[in-house]
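Data block below; observations after.
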Amino acid sequence: MPLSDNKQELDLASRLTQDHHQSLKLWLRMLSCTVKIENEIRSRLRATFGITLPRFDLMAQLERHPDGLRMGELSKRMMVTGGNITGITDQLEQEKLVMRVPDPKDGRAYSVKLTQEGRSAFARMAEVHESWVAELLQPMSSEDKGQLIELLSEMKRHLNASE
C-alpha cells in the first residue's frame, strides 16, 4: 500500500474521538427505538383498522388542517414523493375518507381535505393510536419522559439552527 494511503487512513482514525463513538451509539439507539415502535404501530393499525401507516399519517396531516392541503404541501410534510401522495389520496378518496376540492387561492390546483366520514374515522383511530403509544412508552417514568423530551428538543433546536 502506498504511504499516502496509509497516512490518509491514520488521519481519518485520528479524527475519531470517544464523542464520535458515543454520538453514533446514540443515533443508532434512537433509530432502533423509533423503528421498533413504528413497526408495532404499523402492525396494530393494519390489524385493528385495516389501514396503513402512510394513510393514517396523511389523515393526521389533514386533521390538523381542516381547510385542506395541496398535494405538494402534503408531500413536503410527509417527506414522500408526490406520486406516493397521489396513490394514498386516491385510495382514501375511493373509501370516501378524503375529497379533492378546488384550491381557493389557485383555481388550477386542488387541495385534499377530510370528509365528515374521514374525520370520524380518524378521531377513532387517533384515540386508539395514542393509547398504543402510551402503552409502548409506559415502562418509562414520567420524569424520564420529560427529561428525554427536553434533551431531544434541544437537539432539534441545534439541528434546525444549522440549516
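Read-outs throughout are calculated quantities, based only on the coordinates presented, and are distinct from any laboratory measurement. Bear in mind that the values here come from a model prediction, so they are computed numbers and not experimental data. Positions of Cβ are generated from backbone atoms using ideal geometry, with glycine treated the same way; all protein chains shown enter the neighbour counts.
Evaluating 6.51 cos²θ - 1.76 cosθ + 1.60 at θ = phi - 60° for every residue in the stretch 48-60, the Karplus couplings come out as 8, 10, x, 10, 8, 4, x, 5, 4, 4, 5, 5, 5 Hz, glycine and proline recorded as x.
Calculated mean residue ellipticity, 222 nm, the chain: -24500 deg cm²/dmol, from DSSP H runs (n ≥ 4) at -39500 (n - 2.57) each, averaged per residue and rounded to 500. Packing, as the average of other Cβ atoms within 10 Å across residues, places the peptides 54-67, 31-44 in the order 54-67, 31-44, highest first. Normalising the Debye intensity of the chain to I(0), with uniform scatterers on Cα atoms only, and taking log10 at q = 0.13 Å⁻¹ returns -0.82.
Candidates 56, 28, 131 compared by Cα position along the dipole of the chain: farthest toward the positive end lies 56, with charges placed on Cβ. Here the stretch 55-132 is treated as a Stokes sphere of Kirkwood radius computed over C-alpha pairs; at 37 °C and 0.692 mPa s its diffusion coefficient rounds to 262 µm²/s.
Amide H to amide H distances under 5 Å link residue 70 with 112, where only residues 5 or more positions off or on other chains count and H is placed in the peptide plane. Summing Cβ point charges (Lys, Arg +1; Asp, Glu -1) relative to the Cα centre of the chain gives a dipole of roughly 360 debye.
The packing ranking, built from the mean of other Cβ atoms within 10 Å per residue, places the peptides 116-125, 132-141 in the order 116-125, 132-141, highest first.
For the chain, the relative contact order is 18 percent, taking Cα pairs closer than 8 Å that sit 6 or more residues apart in sequence and dividing their mean separation by the residue count. Note on the chain: dipole from Cβ charges, positive end direction compared against 43, 82, 161; the farthest Cα belongs to 82.
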